[in-house]
Amino acid sequence: SFIGEESVAAGEGSILTDNPTWIIDPIDGTTNFVHRFPFVAVSIGFVVNKKIEFGVVYSCIEDKMYTARKGKGAFCNGQKLQVSGQEDITKSLLVTELGSNRDPEAIKIILSNMERLLSIPIHG
C-alpha cells in the first residue's frame, strides 16, 4: 500500500492497514518550502502491521540523509546517532511546533499543551 502526505492533505482518504505500506511526504515542511525557510526534507517510512520498520529523511538543504531501522538505531550520513543522556530536565532544550491547523478547537488544544510545556522548568 501507499500513503502520500500531499494527497491526504488534498482531501483523499487514507486508511493504514496491516499491509506493508510506504508512507511518503515528498516535501516535508511545505510551509517552510513556500516561505524559502531552509528546513525541508523528503520523508519516507515503511510500515508493516501498523508498526514502523524503517524510515529515511533526506534534508535537502543540508544534504543530510537520516536513516533508522527498528532495532538497529538511527544514523546521519552513516554516522550513528545517540541521545545526549541528559536526565535533568532543567538543563534540557524543548523544541516544538504549532502545526498548521487553525481550527478554533485545535488551537485551544495546542495552546493548552503549550501552557503545560512552558510550565516545565526547562533550560530553553
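The values are calculated or read from the model by the stated rules, or taken from the named source; none is laboratory data. Computed from a predicted model, the values in this text were never measured in an experiment. Note that each Cβ is placed from the backbone with ideal geometry, even for glycine, and that neighbours are counted across all protein chains shown. These accessible areas exclude ligands, DNA and RNA; they are computed on the full protein's heavy atoms, side chains included. Shrake-Rupley method; radii C 1.70, N 1.55, O 1.52, S 1.80 Å.
Filtering segment 95-121 to residues that are modelled with pLDDT of 85 or more and among the aliphatic types (A, V, I, L, M) leaves A106, I107, I109, I110, L111, M114, L117, L118, I120. For a quick check of your reading of the model, give me the residue pairs whose first member lies in segment 88-111 and is touching a residue at least 60 places away in the same chain (Cβ under 8 Å), whose second is of a type outside the set (G, A, S) and open to solvent by less than 100 Å² (accessible area, probe 1.4 Å), with beta-carbon atoms closer than 9 Å and at least 6 apart or on different chains. Final answer for the pair search is S100/T30; S100/T31.
Yes or no: V47 free of Cβ contacts under 8 Å to residues at least 60 places away in the same chain and within 20 Å of S14 (Cβ to Cβ)? Yes.
For the criterion of being more than 19 Å from N101 (Cβ to Cβ), more than 16 Å from the chain's Cα centre (by Cα) and of a type in the set (A, V, I, L, M, F, W, C), I61 passes.
Among residues of segment 86-107 being more than 16 Å from G29 (Cα to Cα) and hydroxyl-bearing (S, T, Y), the one that is least open to solvent (accessible area, probe 1.4 Å) is S92. Annotation: G4 fulfils all but one of (1) surrounded by 14 or more Cβ atoms within 10 Å (Cβ to Cβ); (2) in contact with a Phe, Trp or Tyr (Cβ under 8 Å, 6 or more places away or on another chain); the unmet one is (2). Among the numbered conditions (1) of a type outside the set (A, V, I, L, M); (2) in contact (Cβ under 8 Å) with a residue 24 or more places away in the chain; (3) part of a helix (DSSP H, G or I), the only one that E115 does not meet is (2).
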